[in-house]
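I have placed the structure first, in the form of structure tokens, so that the comments after it can refer back to it.
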């Protein structure tokens, strides 16, 4: 594991850049644990101060120190992304391994369901959820909903690997040695798909954080919970660009771009390290 | 030919399954939600004006009849489908008494136009550039192009559109950033109107293309760089087949098959991206309609937009799938 990591840093420039970028954002987000102010409170600082020695990222029109506010926002968004990624990974591993190993009608039914989930346009559905749940839609509910839609691409990838593993010698040995199906999948096959799980983990985070940003910017989430999207929502609702508080928009946007580029580079370089087939997941959506 | 029919049958089955399950899930979400549409509408109505208790009671009755919320679940589900099949989803509340379906149909051409143009441009340009980049691996121009598109690809649709909005709205205002056409032209098939529509669609389409290019580029480059190492390509080169023929007929065409499959898989996501982008540029399509409807608490219109979205995307995927056997002869004989 460690050797792989060292090789990646040594031979893969993209991986190193990605790691540095994600590292910066992760440290910045972790700083929020030492935040001197509660980021949800407003009018705790002088409003509309440009970046200075006292307020590194300036303050916004709601009287929040943007440094600490953004720090909390990135922590929440990253946690959100990780939650969605972990939950949807569990579904995609289960479906992918089961479909690949069991085959037959189990495979056909699972892949049919998979195809349905791939085809449904997620954004209108999310808006519909917000529409009927309104204020009951907190970030965990949203993470659950996104996790329910974030697995099909990756399940298909995992299935394609599992299909190959099924006919390998060691699987047959394990079966003849009396291992149960569950044990074969978890102990024999799971380690082989772990690399894919890691790289799709990043892609899934990108996707879910992007969705959260979009919904929050439109005001379709709990807007009092600081996340990347709600920061932009408040900046827009105070017309930050028009009144000249540009740092309220520019700094979050730069940080978002850093986060997304970093995660993307990590995913891409891992993918190249494992298997070019994973490219499907990276497209478009 | 028989193989083709089986293929089409399977895909059609999938399309109907997507529409059926998607819309059923939609029904379930609205049915199980803790919020009663009747009370919501009533709350909105009574917030604006003073209504007598009798008026409220009779409005509640009328609304309950309209939404049909008083009945048991299976009856509601049955009614929902029968009305849907007749294309009737009730009147829109924000533009009463226009039917919600009519509002959606008004927004549909804009969304479809934007989606279609940007997808075609993205797919063609991305694959062409990706293919060439995979074939001419040491070309500086293609390398630079790859870095730029790959850098843009992970950024969410909203952020890219937003950055473009800031650039063209504040820093360099040359293109219209809002609306579908200028206020001073009337919608008709005249030159000024068409020009105005094109001009207004430039920025939304541009931002969609920017986000979409990277995925196709990366995918095609990876595919092509695998294919050029195949024996049959080397053989064709040794046999003196013209380079253009090798690139287009031997390499690109084979690489295009998985890309068309991928196109079917990403349409749902691109559709979501389109309606997000529309909202940023205040483009008069289904996306803006959806957001307006949510903000206005317009139950029927939200349902109508979701229904039409699911149906349209499923249908688009079906159409793309139909193209697949034309490229890959193996599907026909399966």
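The values are calculated or read from the model by the stated rules, or taken from the named source; none is laboratory data. Keep in mind that this is a model prediction, so the values were computed, not measured. Note that each Cβ is placed from the backbone with ideal geometry, even for glycine, and that neighbours are counted across all protein chains shown.
Touching a helix residue (DSSP H, G or I) at 6+ places or on another chain (Cβ under 7 Å), in a helix (DSSP H, G or I) and either at the interface with chain A (Cβ under 10 Å from one of its Cβ atoms) or buried (at least 20 other Cβ atoms within 10 Å of the Cβ) (or both), is that true of residue B:145? If you could, list the steps in order and put the result at the bottom.
Numbers: touching a helix residue (DSSP H, G or I) at 6+ places or on another chain (Cβ under 7 Å): yes; in a helix (DSSP H, G or I): yes; either at the interface with chain A (Cβ under 10 Å from one of its Cβ atoms) or buried (at least 20 other Cβ atoms within 10 Å of the Cβ) (or both): no.
In short, no.
When you go through (1) within 14 Å of chain B (Cβ to nearest Cβ); (2) touching a residue at least 60 places away in the same chain (Cβ under 8 Å); (3) under 19 Å from the mean Cα position of the chain (by Cα) one by one for residue A:135, which number turns out not to apply?
(3)
Could you please tell me which pairs satisfy a Cβ distance under 6 Å, a separation of 6+ or placement on different chains, a first residue in the stretch A:90-117 that is under 20 Å from residue B:269 (Cβ atoms), and a second residue that is not in a helix (DSSP H, G or I)?
Cβ pairs passing all conditions: A:91/A:151; A:92/A:151.
If a residue must be outside any helix (DSSP H, G or I) and farther than 18 Å from residue B:110 by Cβ, how many such residues does the stretch B:264-288 contain?
So the count comes out to 0.
Looking at residue B:297 and the list (1) at the interface with chain A (Cβ under 10 Å from one of its Cβ atoms); (2) surrounded by fewer than 23 Cβ atoms within 10 Å (Cβ to Cβ); (3) under 24 Å from residue A:119 (Cα atoms), which single condition is not satisfied?
(3)
Any chance the stretch A:92-108 includes a residue that's within 13 Å of another protein chain (Cβ to nearest Cβ), in a helix (DSSP H, G or I) and out of contact with any helix residue (DSSP H, G or I) (no Cβ under 6 Å at 6 or more places or on another chain)?
Yes: one or more hits.
Here is a list of conditions, (1) in contact (Cβ under 8 Å) with a residue 40 or more places away in the chain; (2) loosely packed, with under 15 Cβ neighbours inside 10 Å, and residue A:22 meets all of them except one; can you say which number that is?
In the conditions (1) in contact (Cβ under 8 Å) with a residue 40 or more places away in the chain; (2) loosely packed, with under 15 Cβ neighbours inside 10 Å, residue A:22 misses (2) alone.
Does any residue of the stretch B:192-207 turn out to be buried (at least 19 other Cβ atoms within 10 Å of the Cβ) and within 14 Å of chain A (Cβ to nearest Cβ)?
Among the residues of the stretch B:192-207, at least one is buried (at least 19 other Cβ atoms within 10 Å of the Cβ) and within 14 Å of chain A (Cβ to nearest Cβ), which makes the answer yes.
Check off (1) within 14 Å of another protein chain (Cβ to nearest Cβ); (2) closer than 25 Å to residue B:198 by Cβ; (3) crowded, with 21+ Cβ neighbours inside 10 Å for residue B:312 and give me the number that stays unchecked.
So residue B:312 meets the others, but not (3).
Could you list, ordered by first residue, the pairs with Cβ atoms under 6 Å in which the first is in the stretch B:152-166 and surrounded by fewer than 24 Cβ atoms within 10 Å (Cβ to Cβ) and the second is modelled with pLDDT under 85 and in a loop (DSSP other than H, G, I, E, B), at least 6 apart or interchain?
Listed pairs, sorted by first residue: B:165/B:177.
Pick out the one residue from B:177, B:159, B:163, B:155 that is modelled with pLDDT under 80, within 14 Å of chain A (Cβ to nearest Cβ), within 24 Å of the chain's Cα centre (by Cα) and under 22 Å from residue B:275 (Cα atoms).
B:177
Is at least one residue of the stretch B:36-57 surrounded by 12 or more Cβ atoms within 10 Å (Cβ to Cβ) and under 26 Å from residue A:149 (Cα atoms)?
yes
Do the conditions hold for residue B:91, that is, is it within 14 Å of chain A (Cβ to nearest Cβ) and under 21 Å from residue B:307 (Cα atoms)?
For residue B:91, the condition - within 14 Å of chain A (Cβ to nearest Cβ) and under 21 Å from residue B:307 (Cα atoms) - is not met.
Being within 9 Å of another protein chain (Cβ to nearest Cβ) and in a helix (DSSP H, G or I) is the requirement here; does residue B:261 meet it?
yes
Rundown of residues vs (1) away from chain A (no Cβ under 11 Å); (2) modelled with pLDDT of 85 or more; (3) over 31 Å from the mean Cα position of the chain (by Cα); (4) more than 28 Å from residue B:268 (Cα to Cα), yes/no style:
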| position | (1), (2), (3), (4) |
| --- | --- |
| B:20 | no, yes, no, no |
| B:30 | no, no, no, no |
| B:46 | yes, no, yes, yes |
| B:50 | yes, no, yes, yes |
| B:54 | yes, no, yes, yes |
| B:62 | yes, no, yes, yes |
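Answer with yes or no whether residue B:193 is free of Cβ contacts under 8 Å to residues at least 60 places away in the same chain and out of contact with any helix residue (DSSP H, G or I) (no Cβ under 9 Å at 6 or more places or on another chain).
Against the criterion (free of Cβ contacts under 8 Å to residues at least 60 places away in the same chain and out of contact with any helix residue (DSSP H, G or I) (no Cβ under 9 Å at 6 or more places or on another chain)), residue B:193 qualifies.
Restricting the stretch A:113-124 to residues that are more than 7 Å from chain B (Cβ to nearest Cβ) and touching a helix residue (DSSP H, G or I) at 6+ places or on another chain (Cβ under 7 Å), which is farthest from residue B:26 (Cα to Cα)?
Per the stated criteria, the residue is A:114.
Of all residues in the stretch A:75-91, which are over 27 Å from residue A:161 (Cα atoms) and away from chain B (no Cβ under 14 Å)?
Correct list: A:75, A:76, A:78, A:79.
Look at the stretch A:96-125 and say how many of its residues are over 24 Å from residue B:312 (Cα atoms) and crowded, with 23+ Cβ neighbours inside 10 Å.
Final tally of qualifying residues: 4.
I want to confirm something. Restricting to the stretch A:212-242 and keeping residues that are closer than 16 Å to residue B:167 by Cα and assigned to a helix (DSSP H, G or I), which single residue is farthest from the other protein chains (Cβ to nearest Cβ)? Let's see the steps before the verdict.
Narrowing the stretch A:212-242 to residues closer than 16 Å to residue B:167 by Cα: A:236, A:239-242.
Subset that is assigned to a helix (DSSP H, G or I): A:236, A:240-242.
Details: A:236: 9, A:240: 10, A:241: 6, A:242: 8 Å.
The extreme case among them is A:240.
Take the conditions closer than 17 Å to residue B:303 by Cβ and either touching a residue at least 60 places away in the same chain (Cβ under 8 Å) or part of a helix (DSSP H, G or I) (or both) and apply them to residue B:8. Does it pass? Before the answer, list the steps.
Details: closer than 17 Å to residue B:303 by Cβ: no; either touching a residue at least 60 places away in the same chain (Cβ under 8 Å) or part of a helix (DSSP H, G or I) (or both): yes.
The answer is no for residue B:8.
Among the residues of the stretch A:32-40, are any in a helix (DSSP H, G or I), crowded, with 19+ Cβ neighbours inside 10 Å, on the phi < 0 side of the Ramachandran plot and touching a helix residue (DSSP H, G or I) at 6+ places or on another chain (Cβ under 9 Å)?
Yes, the stretch A:32-40 has at least one match.
Could you tell me whether the stretch B:216-228 includes any residue that is under 21 Å from residue B:112 (Cα atoms) and either assigned to a helix (DSSP H, G or I) or more than 31 Å from the chain's Cα centre (by Cα) (or both)?
yes
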